[in-house]
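The values are calculated or read from the model by the stated rules, or taken from the named source; none is laboratory data. These numbers were taken from a predicted model, which means no experiment stands behind them. Using ideal geometry, Cβ is built from the backbone for each residue, glycine included, and neighbour counts are taken over all protein chains shown. These accessible areas exclude ligands, DNA and RNA; they are computed on the full protein's heavy atoms, side chains included. Shrake-Rupley method; radii C 1.70, N 1.55, O 1.52, S 1.80 Å.
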Amino acid sequence: MSPALRRALAAVVAGLMCLIGLVSVGDADGTAIERVGWVVMAAVLGGVPAGLYIAGGMGYGLLIGRAIGKRLEARREIEAAAGLALLLSVTHALGVLGLLNRSTASVTVGLGVAVLVVDIVRRVRGGAAGAAGAGGSLVWLAALPAGVVLAIASSSAPGWLWGSEFGGFDALSYHLTLPGEWIAAGRVWPMEHNVYSFLPGFVEAGFMHVALLSGAGGAHAMIDGEGWRLLGAQWLHAGLAVVAAWVVAGVARGVARECGADARAAGLAAAVAGGLTLALPWVVVVGSLAYNEMAMVLFGAGAMLAACERGAAAGVRGMLVGVLVGGACCAKPTALFMIGPAAGVMMLAAAPKREWMVLVSGGAIAGAAMLMPWLVRNALACGNPVFPALSGVFGSGHWTAEQVSRFAAAHQFEGSMMERVRVALWSDPNGAAGAGGVMRWRGLTNPQWGLLFPLAAAAGAAIAVRRAAIGKAGRVIAGALGAGLVVQVMAWMMLTHVQARFLMPTIVTAVPLIAVAVALQRRAAGVAAGAVIVLGHAVATVAVFGGERGGAPGALLVGGVGVFIGEPYEPMLHDEMPIASTNRAVKMARERGEAAGVLLVGGSTPLYFKAEVTWATTWDESLLARLMREHERAGEGAGRAVAAGLRERGIGFVLVDAGELVRLERSGWLDEALGLERVMAQLEAECEMVASWPGQALFRVRE
């Protein structure tokens, strides 16, 4: 048996042991074997369509590589990043045109997969193979516990895990609801009740594409079939996290080579960077949710690689950087200032000044081309290509000035420069003493970042000490990496509302910096240090996972989506769950032939409702607020007229989240028409309360 095969078998055995051990943490339904079986089923039913999508993107990357026709040192990593950016662009374009359906979804992915399979067969027949050295394999293996947590969490129902993300609130509100709404509408298009649908939404379109691959359709496409399509979206994002780790490893390898490292040392740098990326708690938390950050990190790392590439002409390099920075922005617009400047610094540092104009021009043109479909779509939808940003320049679309003001206030940091520094480097002085870590430690010291930033600072110092040994080229490239990290942190402090998760793009600079510093040490010391760093963060990830849900993170692993929906309905459990109870009330109303639509007031997480749900984000106008304003202006009896308006729209139930209304009002983010007392008085006048829970109440609209 070859050494490579022995290492692979050892990894499989170790992974199974980790899986069995981690699914057994805390009390949970079913035996450990049943929970392992659930993860395996999720990997098949959810992970296979997601894997095919990623494979298709990598196939398109091979076509891009052939089109370039140049020798690229990091060819495979750059091709993978560029190919996935291209596929997401194609997905979005088809969706906007109303052409994305099961057939086109299968064809577009199938073409890429076919190209990839042909390439793999050719490489195998040609004897092309690569393997990490023993030291590199050891470091990669150290990340295995975190990788197993990533798989388990990706197989868990959205809304169950990760307190730092409030159970993945953003996924429940828009990352997963938008694909379902788009499938029902037959088109990827902005929706006035959900401001986040005006963001580029390329990753969310990818979730839609993966769901269509598995035959999704109908009004509740994402939650039908026991919710496997929700898990498919999570597995897609987890897969992007794994590819991102590989591309970040490529960045570290390239920088290490520039610093004079030999092939073995460069391989160690790659292993440390890839392993550390996968081991970071924030990567596992975010990567296992149906979010969009890992696509931004993937394309950002690809842009960093293309920026310091030596094997292509300046115009080609500039266009590659532009495409990948544009792709990162289409995944998450904050990449404009969190990825773009870092990639720009690296691109200019790695090139002679005579090429700068060509690089910048090529990058600007390619980046604009990537962004153009989104800009045109928004301009057609509301007149503002970057809505809700720059409302003072391009107009506020369907929003009022008051909505623009509330949204802006909630998405910026309120405080002095010293307060920004305090939050960035220490705890939030405004955070309650008993608040969770995500609220009190919002910056570089957030526990889920582990020692990433102290290690990055130490790594920068260690490389600076060795400046004579690494040569001029190494000093320039390593210096650009460090400068990029500084620029990112400054942009995060000045242009965001200073939250730890918004530091995700720093992975493309901080992690390679650490990996290069480790690889420049003596071989044995470097392997040991790398393994300790990666394993330490993997253990931290396991600890975070183990502390979820009172120490029972796997309690709803088996059949979790059905539990949230209320299928099958178990009175002892579901009578205490507002969504499940509402779903039951809706079902009974339908059987009686009554109006069964549901209006959410305060709540903005409609994912698990098996009803025609009318809702709006905090920033968009609620139907209830609109009806109240309209009828008050008309001078009619507000209560009776509002109820009539609800019935006209087929709404039979109103679910009020009183706790959320109070929280939003205290924060200053609530529409003034939705004050709790006013809402309750309005509904009690014309509706009948049929159920209540702590902080929530369900009303039936009287005929």
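Please count how many residues of the range 549-570 are surrounded by 23 or more Cβ atoms within 10 Å (Cβ to Cβ) and closer than 18 Å to P281 by Cβ.
Matching residues across the range 549-570 total 2.
Taking the condition over 28 Å from the mean Cα position of the chain (by Cα), modelled with pLDDT under 95 and crowded, with 19+ Cβ neighbours inside 10 Å, does A595 pass?
Details: over 28 Å from the mean Cα position of the chain (by Cα): yes; modelled with pLDDT under 95: yes; crowded, with 19+ Cβ neighbours inside 10 Å: yes.
Against the criterion (over 28 Å from the mean Cα position of the chain (by Cα), modelled with pLDDT under 95 and crowded, with 19+ Cβ neighbours inside 10 Å), A595 qualifies.
Among the residues of the range 566-579, is any farther than 30 Å from A478 by Cα, in a helix (DSSP H, G or I) and touching a strand residue (DSSP E or B) at 6+ places or on another chain (Cβ under 9 Å)?
If we filter the range 566-579 for residues that are farther than 30 Å from A478 by Cα, which is where we start, we get 566-579.
From what's left, in a helix (DSSP H, G or I): 571-574, 578-579.
Pick out the ones that are also touching a strand residue (DSSP E or B) at 6+ places or on another chain (Cβ under 9 Å) and you get 578-579.
Yes, the range 566-579 contains at least one residue that is farther than 30 Å from A478 by Cα, in a helix (DSSP H, G or I) and touching a strand residue (DSSP E or B) at 6+ places or on another chain (Cβ under 9 Å).
Matching residues to (1) modelled with pLDDT of 95 or more; (2) closer than 22 Å to G560 by Cβ; (3) out of contact with any Phe, Trp or Tyr (no Cβ under 7 Å at 6 or more places or on another chain); (4) buried (at least 24 other Cβ atoms within 10 Å of the Cβ):
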site: P179; (1), (2), (3), (4): yes, yes, no, yes
site: W189; (1), (2), (3), (4): yes, no, yes, no
site: P200; (1), (2), (3), (4): yes, no, no, yes
site: G206; (1), (2), (3), (4): yes, no, no, yes
site: G215; (1), (2), (3), (4): no, yes, yes, no
site: G225; (1), (2), (3), (4): no, yes, yes, no
site: L230; (1), (2), (3), (4): yes, yes, yes, yes
site: H237; (1), (2), (3), (4): yes, yes, no, yes
site: A244; (1), (2), (3), (4): yes, no, yes, yes
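Name the residue, out of A515, A500, that is open to solvent by less than 40 Å² (accessible area, probe 1.4 Å), within 20 Å of R264 (Cα to Cα) and aliphatic (A, V, I, L, M). First the steps, then the outcome.
On the way: A500 fails: within 20 Å of R264 (Cα to Cα).
Checking each option against the conditions leaves just A515.
Considering every residue within the range 165-176, establish whether at least one is small (G, A, S), farther than 30 Å from T617 by Cβ and at pLDDT below 95. Walk me through how you get there before you give the answer.
To start, the set of residues in the range 165-176 that are small (G, A, S) comprises 167-168, 171, 173.
Among the residues that remain, those that are also farther than 30 Å from T617 by Cβ are: none.
Within the range 165-176, not a single residue is small (G, A, S), farther than 30 Å from T617 by Cβ and at pLDDT below 95.
So A219 passes all but one of these: (1) of a type in the set (A, V, I, L, M); (2) out of contact with any helix residue (DSSP H, G or I) (no Cβ under 7 Å at 6 or more places or on another chain); (3) open to solvent by 10 Å² or more (accessible area, probe 1.4 Å). Which condition number does it fail?
(2) is the only condition that A219 fails.
Looking at the range 521-536, which of its residues are loosely packed, with under 14 Cβ neighbours inside 10 Å and in a helix (DSSP H, G or I)? So that I can check it myself, show each step before the final result.
The initial filter retains those residues of the range 521-536 that are loosely packed, with under 14 Cβ neighbours inside 10 Å, namely 522, 524-525, 532.
Listed by number, the residues that qualify are A524, A525, V532.
L451 versus (1) surrounded by fewer than 16 Cβ atoms within 10 Å (Cβ to Cβ); (2) touching a Leu at 6+ places or on another chain (Cβ under 8 Å): which is the lone unmet condition?
(2)
At least 1 residues that are of a type in the set (K, R) in each: list the helices (runs of 4 or more DSSP H) lying fully within the range 380-426 that qualify. Walk me through it before giving the result.
On the way: elements: 391-394, 401-410, 417-425.
Once the helices (runs of 4 or more DSSP H) in the range 380-426 are filtered for at least 1 residues that are of a type in the set (K, R), what remains is 401-410, 417-425.
Let me spell it out: the conditions are (1) surrounded by 24 or more Cβ atoms within 10 Å (Cβ to Cβ); (2) closer than 30 Å to G547 by Cα; (3) among the aromatic types (F, W, Y), and F169 meets all of them except one. Which number is the exception?
Failed condition: (1).
T617 fails exactly one of the following numbered conditions: (1) buried (at least 20 other Cβ atoms within 10 Å of the Cβ); (2) in contact (Cβ under 8 Å) with a residue 40 or more places away in the chain. What is the number of that condition?
(1)
Before we move on, is V283 within 27 Å of T445 (Cα to Cα), within 14 Å of the chain's Cα centre (by Cα) and open to solvent by 10 Å² or more (accessible area, probe 1.4 Å)?
Details: within 27 Å of T445 (Cα to Cα): yes; within 14 Å of the chain's Cα centre (by Cα): yes; open to solvent by 10 Å² or more (accessible area, probe 1.4 Å): no.
For V283, the condition - within 27 Å of T445 (Cα to Cα), within 14 Å of the chain's Cα centre (by Cα) and open to solvent by 10 Å² or more (accessible area, probe 1.4 Å) - is not met.
What single numbered condition from (1) open to solvent by 20 Å² or more (accessible area, probe 1.4 Å); (2) farther than 21 Å from G180 by Cα; (3) not aliphatic (A, V, I, L, M) fails to hold for H574?
It is condition (1) that H574 fails.
So M357 passes all but one of these: (1) of a type outside the set (K, R); (2) in contact with a Leu (Cβ under 9 Å, 6 or more places away or on another chain); (3) open to solvent by 30 Å² or more (accessible area, probe 1.4 Å); (4) without any contact (Cβ under 8 Å) to a residue 40 or more places away in the chain. Which condition number does it fail?
(2)
Looking only at the range 641-694, which residues are open to solvent by less than 60 Å² (accessible area, probe 1.4 Å) and among the polar types (S, T, N, Q)?
Once the filter is applied, which keeps residues that are open to solvent by less than 60 Å² (accessible area, probe 1.4 Å) and among the polar types (S, T, N, Q), the range 641-694 yields S667, Q682.
Of the residues V90, V109, which single one is open to solvent by 40 Å² or more (accessible area, probe 1.4 Å) and assigned to a helix (DSSP H, G or I)? Steps first, answer last, please.
On the way: V109 fails: open to solvent by 40 Å² or more (accessible area, probe 1.4 Å).
Criteria check complete, one pass: V90.
So which of G550, G554, G603, G593 is in a loop (DSSP other than H, G, I, E, B) and either in contact with a Cys (Cβ under 6 Å, 6 or more places away or on another chain) or at positive phi (or both)? Explain how you work it out, then say what you get.
Numbers: G550 fails: in a loop (DSSP other than H, G, I, E, B); G554 fails: either in contact with a Cys (Cβ under 6 Å, 6 or more places away or on another chain) or at positive phi (or both); G603 fails: either in contact with a Cys (Cβ under 6 Å, 6 or more places away or on another chain) or at positive phi (or both).
Only one candidate qualifies: G593.
Could you tell me which residue of the range 44-66 is surrounded by the most Cβ atoms within 10 Å (Cβ to Cβ), considering only residues that are in a helix (DSSP H, G or I) and in contact with a Phe, Trp or Tyr (Cβ under 7 Å, 6 or more places away or on another chain)? Working first, answer last.
Residues of the range 44-66 that are in a helix (DSSP H, G or I), as a first pass: 44-45, 47-66.
Next cut, in contact with a Phe, Trp or Tyr (Cβ under 7 Å, 6 or more places away or on another chain) only: 45, 47, 50.
Values: L45: 19, G47: 24, A50: 27.
The residue in question is A50.
Quick check: anything in the range 368-385 closer than 14 Å to G318 by Cα and either of a type in the set (F, W, Y) or surrounded by 14 or more Cβ atoms within 10 Å (Cβ to Cβ) (or both)?
Yes - at least one qualifying residue is present in the range 368-385.
Among the residues of the range 403-433, how many are open to solvent by 80 Å² or more (accessible area, probe 1.4 Å) and farther than 17 Å from L495 by Cβ? If you could, list the steps in order and put the result at the bottom.
Of all residues in the range 403-433, those open to solvent by 80 Å² or more (accessible area, probe 1.4 Å) come to 412, 414, 417-418, 422, 425-426, 430, 433.
Cutting the leftovers down to farther than 17 Å from L495 by Cβ gives us 418, 422, 425-426, 430, 433.
Number satisfying all stated conditions: 6.
What do you reckon, is R264 surrounded by fewer than 24 Cβ atoms within 10 Å (Cβ to Cβ) and in contact (Cβ under 8 Å) with a residue 40 or more places away in the chain? Before you say what the answer is, go through the steps one by one.
Details: surrounded by fewer than 24 Cβ atoms within 10 Å (Cβ to Cβ): yes; in contact (Cβ under 8 Å) with a residue 40 or more places away in the chain: yes.
Against the criterion (surrounded by fewer than 24 Cβ atoms within 10 Å (Cβ to Cβ) and in contact (Cβ under 8 Å) with a residue 40 or more places away in the chain), R264 qualifies.
Hey, does the range 392-401 have a residue that's under 18 Å from V487 (Cβ atoms) and out of contact with any Cys (no Cβ under 9 Å at 6 or more places or on another chain)? Lay out the reasoning, then the answer.
Step one: of the range 392-401, the residues under 18 Å from V487 (Cβ atoms) are none.
The answer is no; no qualifying residue exists.
Starting from the range 574-587, keep only residues that are of a type in the set (D, E, K, R), then list their pairs with residues that are in a helix (DSSP H, G or I) whose Cβ atoms are within a distance under 8 Å, requiring at least 6 positions of separation or different chains.
Correct list of pairs: D575/S581; R584/H574.
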